[in-house]
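Structure record follows, encoded as structure tokens.
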Amino acid sequence: MYLIENWRHVFKLDPAKLIMDGDLEKICESGTDAVMVGGSSDVTYENTLDLLSRIRRYAIPCVLEVSQIDAVVPGFDAYFIPLVLNAGSTRWMLDAHQEGIKAFGHLIPWEDVITEGYVVLNGNSTVAKVTESRTDLSLDDVKAYAQLADQLLKLPVFYLEYSGTYGDPDWVRSVKSILQSGRFFYGGGITSPERAREMAQWADTIVAGNIIYENMEEALATVQAVKETKISF
């Protein structure tokens with residue numbers, strides 16, 4: 001938990017997407033608190049290893065968000081393990097995790113593992129389709145999932161993932177109001193510093209991903225926007 005407790009801004013890079021060396025340098029030298037590596041499709045051991053080796057040229061914390069057990073690469077500072085709480089089956093909450101531990105438990109650096117309670121809210125996203133997530137949720141549903149992660153399961157991270165679309169700031173504020181111990185990550189639709197700043201009023205950590213591949217200058221501007229924004233409560 002020590003690694004993430006002061007993170008306000010994180011860039012998320014997809015191993016399956018091309019990023020030139022010059023743009024990668026800008027991301028790693030931007031002042032962001034960390035780089036997260038992860039994606040929902042076409043993630044392989046080879047492209048994950050390649051991206052890690054390129055990021056390691058820079059003095060930036062680098063973590064892997066595990067989505068494919070056969071694409072787990074040693075050498076990351078931490079490994080984020082998502083439990084998709086609103087998934088349509090137990091596979092993405094428990095079953096896949098049990099299978100991975102059964103096969104590789106003796107190799108897992110448990111001190112570097114950080115578990116995320118994930119709620120996916122964009123039904124058209126790849127992650128929602130893969131996990132068959134139930135995305136037609138009410139605010140009360142989402143708040144209950146947040147309490148499930150925070151109070152019942154005692155997870156270090158609750159992650160509200162809109163995955164390519166911009167969420168409702170009122171929902172983000174409401175979720176923040178009930179979290180007591182876990183760190184609140186928000187990701188989705190961060191396409192400008194203004195949006196980053198708005199969500200940074202409530203979420204502890206803002207994750208910016210797609211904007212990296214769409215508008216590099218706007219992506220870089222989100223760092224300062226988040227860093228200069230104070231959490232309202």
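The values are calculated or read from the model by the stated rules, or taken from the named source; none is laboratory data. Keep in mind the model is a prediction, meaning the values are calculated, not measured. For neighbour counting, all protein chains shown are included, and Cβ atoms are generated from backbone atoms with ideal geometry for every residue, glycine included. Only protein heavy atoms, including side chains, enter the accessible area calculation; ligands, DNA and RNA are left aside. Shrake-Rupley method; radii C 1.70, N 1.55, O 1.52, S 1.80 Å.
Observations on the structure shown:
- Look at the dipole of the chain built from charges on Cβ: of 182, 211, 118, the Cα furthest out on the positive end belongs to 182.
- Per-residue HN-Hα couplings for segment 190-207 [Karplus 6.51, -1.76, 1.60; θ = phi - 60°; Hz; x = Gly/Pro]: 7, 10, 7, x, 5, 5, 4, 5, 4, 6, 6, 5, 10, 7, 5, 9, 9, 10
- Mean shadow area of the chain, taken as a quarter of the surface of its Cα convex hull (nm²): 11.4
- Fluctuation leader among 109, 193, 169 - the chain, Gaussian network, Cα springs under 10 angstrom: 109
- Sorting the segments 184-190, 77-83, 122-128 by their mean number of nearby beta carbons within 10 angstrom, highest to lowest, gives 184-190, 77-83, 122-128.
- Local electrostatic count at residue 97 - Lys and Arg +1, Asp and Glu -1, tallied over other residues with Cβ under 14 Å: -2
- Spacing of the two label points (7 Å from each Cα toward its C-beta) at residue 165 and residue 6, in nm: 3.7
- Rounded to the nearest 20 debye, dipole of segment 80-233 from Cβ charges on Lys, Arg, Asp, Glu: 260
- Cα centroid separation, segment 162-233 to segment 116-152 (Å): 17
- Solvent-accessible area per residue, Å², over segment 102-233 with all protein chains present [probe radius 1.4 Å]: 46
- Surface composition of the chain: carbon plus sulfur atoms hold 50% of the accessible area, using a 1.4 angstrom probe and ignoring ligands, DNA and RNA.
- MRE, 222 nm, helices only [DSSP H, n ≥ 4, -39500 (n - 2.57), over the chain, to nearest 500]: -9500 deg cm²/dmol
- Potential extension, residue 228-residue 23 segment - 0.36 nm per residue separation minus Cα distance: 71.5 nm
- Spin-label zone in segment 24-46 - amide nitrogen under 19 Å from a point set 7 Å from the Cα of residue 104 along the C-beta vector: 36-46
- GNM flexibility winner over the chain from 147, 180, 201 (Cα, springs under 10 Å): 180
- Extension gain from residue 126 to residue 50, taking 0.36 nm per residue of separation minus the Cα-Cα distance: 25.1 nm
- 3J(HN,Hα) along segment 72-77: 7, 10, x, x, 7, 6 Hz, from the Karplus curve 6.51 cos²θ - 1.76 cosθ + 1.60 with θ = phi - 60°, whole Hz, x for Gly and Pro.
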